[in-house]
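The values are calculated or read from the model by the stated rules, or taken from the named source; none is laboratory data. Bear in mind the structure is a predicted one, so any value in this text is a computation, not a measurement. Every residue, glycine as well, gets a Cβ built from its backbone with ideal geometry; the counts of neighbours run over all protein chains shown. These area figures cover heavy atoms from the full protein model, side chains too; ligands, DNA and RNA do not enter into them. Shrake-Rupley method; radii C 1.70, N 1.55, O 1.52, S 1.80 Å.
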Protein chains: 2
Amino acid sequence: MLAFNWNARHAESNAISKVTTGDPDRLRLTDTIVDTFVLIMNVVDSRRLDPMNDGARMAVSLQDVANAAGVSIATASRALGNKGRVSEATMRLVRETADRLGYQVNTLGKALREGSDGVVGIVVPMVSNPFYASLVHEFEDHLAKFDLKMLIADSHGELDREIERLEALASRRVRGIFVVPAYFDESRPTIMDISRQLPVVQVDRRVENDEALSFVGIDNAGGIDQVLRHVSEQGAETVAFVGADDRTSVGRERRQAFAASVASLGLTAQKPVIDRYLFEFGLSAASQLMRRSKLPDAVIAGDDLIATGLLAGFVRRGRAVPEDVLITGFDGTILADICSPTLTTVRQPMAEIAEAAVTQLMRQIDDADSAGSHIRLRTTLRPGDSTGAATSGSRRRRG
Amino acid sequence: MLAFNWNARHAESNAISKVTTGDPDRLRLTDTIVDTFVLIMNVVDSRRLDPMNDGARMAVSLQDVANAAGVSIATASRALGNKGRVSEATMRLVRETADRLGYQVNTLGKALREGSDGVVGIVVPMVSNPFYASLVHEFEDHLAKFDLKMLIADSHGELDREIERLEALASRRVRGIFVVPAYFDESRPTIMDISRQLPVVQVDRRVENDEALSFVGIDNAGGIDQVLRHVSEQGAETVAFVGADDRTSVGRERRQAFAASVASLGLTAQKPVIDRYLFEFGLSAASQLMRRSKLPDAVIAGDDLIATGLLAGFVRRGRAVPEDVLITGFDGTILADICSPTLTTVRQPMAEIAEAAVTQLMRQIDDADSAGSHIRLRTTLRPGDSTGAATSGSRRRRG
DNA sequence: CTGAAAGCGCTTACAG
DNA sequence: CTGAAAGCGCTTACAG
């Protein structure tokens with residue numbers, strides 16, 4: 001009955017393209033790539049199985065605790081919150097009562113009274129990008145030290161979604177917001193607006209004219225220079241940049257840094273290939289590069305996703321890395337370890353970015369006027385086999 | 001001055017192990033692996049740069065809007081909320097006033113009045129695991145259709161943290177919670193507790209004796225069978241399982257399914273290697289397997305992280321995949337595409353998992369008694385080069 | 001159609 | 001040390 005409803009509801013949506021019935025084990029191998037699956041459902045009447053369930057879902061309030069303990073709600077609040085003078089005895093009484101009743105503070109009431117709750121928001125372009133996934137992870141860790149919870153929002157790199165998310169966070173009166181702006185220009189107005197209402201720290205990417213905003217990111221120019229110096233030492237003379245467009249600050253900084261460093265190092269640059277931070281783009285960029293009369297000695301990717309796409313693209317088309325072409329990434333995600341050959345990349349100090357950004361946000365929470373601090377952290381080169389550098393061993397020991 | 005404070009505060013923590021000064025460009029290559037970086041800070045006095053900033057951070061309330069529009073707060077609420085009868089004229093007046101004042105509803109007040117706000121929580125073991133990152137991404141998408149925001153919490157696969165996060169979510173009176181339990185046994189008590197207070201749906205993993213709880217996941221036995229059948233067709237006779245322990249439902253289901261399918265397919269199983277879902281474990285498991293008298297024909301990994309670790313481990317030690325040994329993954333993350341050779345893996349229908357879980361949660365929100373529904377979705381085999389199967393082409397067209 | 005009032009759950013001056 | 005009361009911002013019966 002419930003199962004029937006469920007299927008009916010979903011028959012209307014096209015997310016489930018096809019429902020196959022029959023013995024699951026009999027699904028032929030030829031079906032495997034097709035987006036087909038079987039539902040196995042057991043619907044259980046929870047009323048029978050869980051006698052505790054009836055009458056449940058009735059949250060116990062502080063008033064309930066106070067009544068049960070025979071004290072005023074004010075005293076109950078103080079006893080639980082460890083605020084003001086409360087006698088040892090009542091303190092214990094209230095706490096025991098609260099435990100017995102399974103009391104849990106309603107953060108909504110508390111937050112309303114106090115103006116904000118212990119939540120900060122973070123808006124990232126795409127949590128499924130390993131770099132942002134790790135960043136979010138680090139932020140969560142550092143925020144926990146301040147007893148702050150994190151509300152994560154994914155803008156999908158779209159302006160509309162970003163605006164919606166930022167406003168939702170603001171209306172929720174979060175303590176502050178970390179944001180990786182979707183765009184260098186178009187993201188600015190909303191972020192400026194929001195920053196007038198609550199503490200905002202830009203992370204990784206910035207918007208234009210952001211002197212009044214805070215920012216924590218990395219020295220992209222330094223990172224690109226590290227990697228170009230490295231391929232140069234590995235013997236590369238012609239290099240090509242495969243990165244993202246100028247719509248994000250990171251895209252433009254890395255692209256411009258590439259041009260600058262190539263010039264100062266005396267390398268020859270081929271025409272860059274520019275699109276988005278996607279594995280698929282790296283794949284297609286490899287094809288584009290192979291159609292050129294001459295492959296560059298080294299390809300500098302704008303991030304690890306593109307780099308792994310390039311790697312796969314070249315290898316699938318019969319080119320050897322690093323023998324035929326050197327490849328480098330950027331970010332230092334797990335992807336760099338996973339490829340084979342391992343990827344030479346530029347490591348971002350993610351834990352330190354998170355720590356610096358959290359510290360900055362805390363400062364802005366304490367003092368609204370302390371925005372406008374721009375922090376850039378140093379990257380480190382992580383040599384891998386994709387440039388013919390030993391991951392461990394000689395190069396490292398030399399230091 | 002601010003910069004100085006910042007450094008001082010951080011000198012106490014050990015997150016910044018060393019601060020190098022001097023020309024960033026002069027950092028020697030030998031330093032690259034070391035956790036060292038330079039801070040580049042510009043601190044700007046935002047009071048000078050942003051004249052709008054003073055007097056800011058004063059949120060405008062509904063009362064403010066009502067006053068400015070010359071109506072009661074009740075009318076203002078109705079006008080903005082589109083509830084009850086309001087004249088066309090006052091409706092417009094109130095809305096214009098609200099816009100002019102930059103009014104944004106305070107979700108805290110609204111939620112307190114209404115009992116809950118439009119937020120659901122999701123607790124995952126590790127957002128930086130690409131599988132969970134993608135899952136979270138899909139959940140966010142599907143929840144948006146119901147105007148629900150998502151509070152993401154990362155349990156790090158630790159029980160203490162999981163309990164803390166679940167309670168924080170509950171005290172925030174979220175509408176419901178999705179949880180990927182850290183453990184099959186130890187996670188049960190808290191999850192049962194919480195499920196008595198608000199709708200809970202287990203995702204991916206379950207706890208023991210969860211008949212009264214809902215669950216949305218995949219048919220792990222079917223997935224393992226798909227992959228074993230596949231390597232068998234590719235000629236494998238001896239197989240080894242490298243997966244996670246029985247502390248999670250997924251770990252035990254896949255391990256048990258392996259034993260069962262091996263028997264029914266007439267394959268020979270080597271002793272399994274069991275630990276955690278980590279790339280590093282896959283790496284070390286490869287070494288362990290190579291110390292055996294005979295390498296198995298195929299290694300079935302418990303997930304893609306382990307599989308990519310195995311792949312890297314074998315390749316680094318001079319074994320060829322798939323020539324010397326076949327390797328398969330599980331989950332169908334981006335990692336499978338990125339490796340080279342591409343990884344044969346079992347794809348989880350992530351969008352459908354998210355859709356089914358969200359649907360189930362919505363049902364539980366509407367009807368507290370509708371928990372206890374267990375849904376398992378079908379996986380699909382995704383053949384890659386790690387088992388000598390073409391990624392695209394003949395095999396697919398045959399269907 | 002509109003307003004005065006109550007109340008969601010909590011904390012914190014203010015009196016005692 | 002403890003309690004009565006106000007109030008955070010909002011919505012919704014209840015009267016008009």
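Peptide B:362-369 is shielded by partner chain Cβ atoms: per residue, an average of 2 of them sit within 10 Å of its Cβ. A:Ser128 sits among other residues whose Cβ lies under 9 Å from its own Cβ, and their net charge, with Lys and Arg +1 and Asp and Glu -1, is -2.
Protein heavy-atom accessible surface, 1.4 Å probe, per residue over segment B:62-105: 63 Å².
A point 7 Å from Cα along Cα→Cβ stands in for B:Glu323, and the other copies hold the same point at 1.1 nm, listed in rising order.
Shape call for segment B:286-396 from the C-alpha gyration tensor, a ≥ b ≥ c root eigenvalues: rounded (a/c under 1.5), prolate (a/b greater than b/c) or oblate? Cα axes put segment B:286-396 in the prolate bin. In sequence order, segment B:115-127 has phi-based couplings of x, 6, 10, x, 10, 10, x, 9, 10, 10, x, 5, 5 Hz under the Karplus curve 6.51 cos²θ - 1.76 cosθ + 1.60, θ = phi - 60°, and Gly or Pro positions carry x. Peptide A:169-176 is shielded by partner chain Cβ atoms: per residue, an average of 4 of them sit within 10 Å of its Cβ. Distance from the C-alpha centroid of segment B:220-241 to that of segment A:114-160: 39 Å, rounded to the whole angstrom.
Counting, for every residue in B:121-129, the Cβ atoms of other protein chains within 10 Å of its Cβ and taking the mean gives 4.
Summing +1 for each Lys or Arg and -1 for each Asp or Glu among the other residues whose beta-carbon sits under 11 angstrom from that of A:Glu114 gives +3. A simple spin-label model places pseudo-atoms 7 Å from Cα toward Cβ; at B:Asp366 and A:Asp99 they are separated by 4.2 nm. Over segment B:62-105, the reciprocal of the mean inverse Cα-Cα separation, the Kirkwood hydrodynamic radius, stands at 9.8 Å.
When a 1.4 Å probe is rolled over the protein heavy atoms, the share of accessible surface on segment B:62-105 that falls to carbon and sulfur comes to 49 percent.
Among the listed pairs B:Lys271/B:Lys294; A:Lys110/B:Lys110; A:Lys110/B:Lys83; A:Lys83/B:Lys110, a Cα-Cα separation exceeding 20 Å is found for A:Lys110/B:Lys83; A:Lys83/B:Lys110.
Charge tally around B:Ile163: other residues with Cβ under 12 Å, Lys/Arg +1 each, Asp/Glu -1 each, net -4. If R0 equals 35 Å, the separation of the Cβ atoms of A:Asp193 and B:Glu164 corresponds to a calculated FRET efficiency of about 0.55. Accessible area buried by the pairing of B and A, both sides summed with a 1.4 Å probe, works out to roughly 11200 Å².
For A:Ser187, no residue has an amide H sitting under 5 Å from its own, ignoring neighbours fewer than 5 places away on the same chain, with H placed 1.01 Å from N.
Take the Cα of B:Gln256, step 7 Å toward its Cβ, do the same at B:Glu208, and the gap between the two points is 1.1 nm. Between copies, B:Glu237 shows label-point distances of 5.5 nm, shortest first, with the point placed 7 angstrom from Cα along Cα to C-beta.
What separates the B:Met290 label point from its copies, with the point 7 Å along Cα to Cβ, is 2.9 nm, written shortest first. Rg then Dmax, both in Å and based on the Cα atoms of segment A:85-194: 18.6, 61.
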